[in-house]
1. Please verify whether segment 72-83 includes one or more residues that are free of Cβ contacts under 8 Å to residues at least 40 places away in the same chain, in a helix (DSSP H, G or I) and within 20 Å of residue 25 (Cα to Cα).
2. Quick check on residue 61: is it closer than 26 Å to residue 104 by Cβ and over 19 Å from the mean Cα position of the chain (by Cα)?
3. May I ask you to say which residue of 59, 34, 67, 51 is more than 24 Å from residue 115 (Cα to Cα) and at pLDDT 95 or above?
4. Could you list all residues from segment 152-167 that are more than 29 Å from the chain's Cα centre (by Cα) and loosely packed, with under 13 Cβ neighbours inside 10 Å?
5. Could you give me the residue pairs with C-beta distances under 6 Å whose first residue belongs to segment 16-28 and is in a loop (DSSP other than H, G, I, E, B) and modelled with pLDDT of 95 or more, whose second residue is crowded, with 20+ Cβ neighbours inside 10 Å and not aliphatic (A, V, I, L, M) wherever it lies, and which are 6+ apart or on separate chains?
6. With respect to residue 64, determine if the residue is in contact (Cβ under 8 Å) with a residue 40 or more places away in the chain and closer than 19 Å to residue 93 by Cα.
7. Among the residues of segment 19-38, write down those that are within 15 Å of residue 6 (Cα to Cα) and either exposed (fewer than 15 other Cβ atoms within 10 Å of the Cβ) or among the aromatic types (Phe, Trp, Tyr) (or both).
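The values are calculated or read from the model by the stated rules, or taken from the named source; none is laboratory data. The structure displayed is predicted, hence computed values, not measured ones. Reconstructed Cβ throughout: ideal geometry from the backbone, glycine too, with neighbour counts over all protein chains shown.
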Amino acid sequence: MKVAIAGAGSVGTAIAKDLALNGHDVLVIEKDPDLVEILRPTIDVKWVAADACEMSSLDAAGMAEVDVAVAATGDDEDNLVISLLAKQEFAVPRVIARVNEASNQWLFNDTWGVDVSVSTPQLLTALVEEAVTVGSLVRLLQFGGGTSQLVEVTLAEKSPAAGIAIADLEMPREAAVVAVVRDRKVLAPHSETVLAAGDEVLLVTSADSEETVRRFLVGP
């Protein structure tokens with residue numbers, strides 16, 4: 001897989017290093033030429049010193065040939081511009097964007113060419129809530145331009161889903177249980193899996209179906 005990463009900060013370089021070690025063809029675009037020269041000997045990837053917000057720079061770097069583009073700079077405005085160019089001008093199949101300010105999360109959708117947005121502050125908040133919250137729906141990750149999300153619910157004793165098989169929950173079509181964690185073991189769910197209080201239930205759901213999922217698993 002060929003991946004282009006815009007931004008050679010701590011996030012961009014960490015992603016580049018991991019992907020390169022996993023055998024992927026990685027291109028890193030960084031506008032600071034001095035930083036590129038410092039990092040070039042440390043990570044075995046293709047380096048390009050250019051402004052990823054400029055279409056000519058992306059074209060020269062070969063953006064049209066990549067499978068995945070990652071906008072990983074420390075500036076949300078830059079990441080939006082990079083995402084839009086990657087999707088609309090170069091038809092990159094999958095565009096992933098870093099969100100630096102959680103308040104900007106709403107902008108990172110398919111209007112700006114973003115397939116998946118990752119907000120570190122929001123993710124950390126979700127992980128804290130997931131660890132300590134019982135009987136509440138917690139959003140872990142948004143994708144599909146914000147139209148879909150991965151959510152988690154730890155079933156309380158009074159959950160309407162406790163003691164009910166997944167098939168009998170009559171979940172909306174736009175929602176699917178993808179995993180159940182019980183006693184620290186991951187269960188691959190099927191229609192006959194009976195949920196129990198204390199289960200951590202992970203679902204992929206559309207934004208429109210979230211409230212229905214909440215009602216089924218948490219209650220009114």
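1. yes
2. On the way: closer than 26 Å to residue 104 by Cβ: yes; over 19 Å from the mean Cα position of the chain (by Cα): yes.
Spelling it out, residue 61 is indeed closer than 26 Å to residue 104 by Cβ and over 19 Å from the mean Cα position of the chain (by Cα).
3. On the way: 59 fails: more than 24 Å from residue 115 (Cα to Cα); 67 fails: more than 24 Å from residue 115 (Cα to Cα); 51 fails: more than 24 Å from residue 115 (Cα to Cα).
Unique residue meeting the criteria: 34.
4. Hits for segment 152-167 are 157, 158, 163.
5. No pair meets every condition.
6. On the way: in contact (Cβ under 8 Å) with a residue 40 or more places away in the chain: no; closer than 19 Å to residue 93 by Cα: yes.
So residue 64 fails the test.
7. 32, 33
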